[in-house]
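Report on the structure given below.
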Amino acid sequence: MTPGPISAQITDYANRADPYPLYAELRKQPVRREDDGTYLVSTYYEVRSLANDPRLSNDTSNRPPGYGRPGQPAEETSLPPSFIFTDPPVHDRLRDTINRPFGPPHSPRFLDGLRGDLAKVVTELLDAFEGKDQVDIVEDFSYPLPVTAICKVLGVPREDEPRFHGWADALASGIDPQAGGDDGREKAQRARQDMGAYLSGLIETKRRHPGPGMLSALAPDMTPADLEATAVLLLVAGHETTVNAITNTTLTLLRHPDLLQRFQQEPELAIPIIEEVLRYEPPVQFVPWTTALADIDIAGTTIPKGSPVWLMLAAANRDPKRFEDPDRFDPDRKDNEHLGFYTGIHYCFGAPLARMELHAAVPELFRRVKFSRLLEDPPSYRANAVLRGPRHLPVAIEGLTA
């Protein structure tokens, strides 16, 4: 262990490729107080309990004065916070409204209608591998697919999709507690302003001339500012996390050739493999923006009212008190109730779409591509400690099937 606060070690890029020894150290003390008054909660049952505790707030305006507010969009623009940064009853009202055009019970066929589009994009991306002996899974596959999906969900014209790639990267950096310093915050602010200006015009167009997608469906029921904030959230949460999930799944399978060979012979393993990756290498490592609204007694510790709290999802997902042999990747694991998509009222709104994208992408990738080897292991990782995933994943390939 290197010296210094463990939160600083977790956010230190030097530990990005393998933060799990740090998480194991954290679990020795399920609730740990850092020198700045932040409490890190790392064990499964305690994380799950607090994520379902109404005394823990997602509204970052409840943070102590002067404390950083990672992920808070209202600080840098005139937009209200998206629903992920609100508490009931505001959260419940916004989430219920947003859910109506997105899925059951109001729109049960919405997601199912995307399957054909996703399959087409996957085929086009894999067809482009033809004749190559080396590809970057991130740039050539896992990065383009989710932005196409989220733009389809929102109703963004296909020709405008390239703009969203740069915005997604910059906005995701704002969720990281380190946030890349002043340059990172300024980049995120500019991206948010540029995207806000674009969405403002698109929302007005959709209001006057409704078409497919959530922006048209929600325009009559939400203020332009709330709808704009929601669209920004869906871009970041719906894009960056799925990129990481697809890439982490690919990397994990290539590191386990016996399981990969079994998967290629038993395609029905897709579901347990994907769920195990969400436990083993979750795309969201921790939630750093919650605050105690009252004194909370948990695991022999009192978290005082007003204290910032980090819920360490990736550490909880490898808690040996909940998962047997948790550092082993095991698709045959039973009772795999992981926290890869969080839990409670803030359970990932886009989880059904993310799972659909994973099931469209992963089986087809390993059916069609004959992989040779990883060209970098560990690969280079994104700077973001919260939304953790490889920035590039170069692999050698030996061919492509139809």
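The values are calculated or read from the model by the stated rules, or taken from the named source; none is laboratory data. This structure is a prediction, so every number in the text was calculated from the model and none was measured. All Cβ positions, glycine included, derive from the backbone under ideal geometry; neighbour counts span all protein chains shown. We work out accessible area using only protein heavy atoms, side chains counted, and drop any ligands, DNA or RNA first. Shrake-Rupley method; radii C 1.70, N 1.55, O 1.52, S 1.80 Å.
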Would you check if there is a residue in the stretch 162-170 being aromatic (Phe, Trp, Tyr), modelled with pLDDT of 90 or more and in a helix (DSSP H, G or I)?
no
Cβ pairs under 6 Å, 6+ apart or interchain, first in the stretch 218-230 and farther than 14 Å from VAL90 by Cα, second open to solvent by 70 Å² or more (accessible area, probe 1.4 Å) and assigned to a helix (DSSP H, G or I), ordered by first then second residue, are ALA219/ARG207
Taking first residues from the stretch 313-324 that are closer than 20 Å to THR290 by Cβ and touching a residue at least 12 places away in the same chain (Cβ under 8 Å) and second residues anywhere that are part of a loop (DSSP other than H, G, I, E, B) and aromatic (Phe, Trp, Tyr), the pairs with Cβ under 8 Å that are 6 or more apart or on different chains are LEU313/PHE286; LEU313/TYR342; ALA314/PHE286; ALA315/PHE286; ASN317/PHE323
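Restricting the stretch 105-156 to residues that are assigned to a loop (DSSP other than H, G, I, E, B) and within 20 Å of ARG355 (Cβ to Cβ), which is modelled with the highest pLDDT?
Initial filter on the stretch 105-156 (assigned to a loop (DSSP other than H, G, I, E, B)): 105-111, 128-133, 143, 155-156.
Subsequent filtering for residues that are within 20 Å of ARG355 (Cβ to Cβ) retains 105-111, 143.
Values: PRO105: 69, HIS106: 70, SER107: 75, PRO108: 75, ARG109: 81, PHE110: 82, LEU111: 83, TYR143: 89.
In this case the residue turns out to be TYR143.
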| message | Whether any residue in the stretch 333-345 is out of contact with any helix residue (DSSP H, G or I) (no Cβ under 7 Å at 6 or more places or on another chain) and in contact (Cβ under 8 Å) with a residue 60 or more places away in the chain is what I want to check. | response | no
How many residues of the stretch 209-226 are among the acidic types (Asp, Glu) and either part of a loop (DSSP other than H, G, I, E, B) or farther than 22 Å from PRO80 by Cα (or both)? The answer is 1
Quick check: is even one residue across the stretch 272-291 open to solvent by less than 10 Å² (accessible area, probe 1.4 Å), over 27 Å from THR11 (Cα atoms) and touching a residue at least 12 places away in the same chain (Cβ under 8 Å)? yes
Item to check | Flag if PHE349 is of a type in the set (A, V, I, L, M, F, W, C), in a strand (DSSP E or B) and over 26 Å from ASN15 (Cβ atoms) | outcome: no
Original post:
Is one or more of the residues making up the stretch 312-332 among the charged types (D, E, K, R), modelled with pLDDT under 95 and within 23 Å of PHE263 (Cα to Cα)?
Top reply: no
(message) I'd like to know if the stretch 89-103 contains one or more residues that are modelled with pLDDT under 75 and crowded, with 16+ Cβ neighbours inside 10 Å.
(response) yes
Within the stretch 380-397, restricting to residues that are assigned to a loop (DSSP other than H, G, I, E, B) and open to solvent by less than 10 Å² (accessible area, probe 1.4 Å), the one that is modelled with the highest pLDDT is LEU393
Exercise for the section: Within the stretch 269-286, identify whether any single residue is among the hydrophobic types (A, V, I, L, M, F, W, C), touching a helix residue (DSSP H, G or I) at 6+ places or on another chain (Cβ under 7 Å) and under 22 Å from THR60 (Cβ atoms), and answer yes or no. Expected result: yes
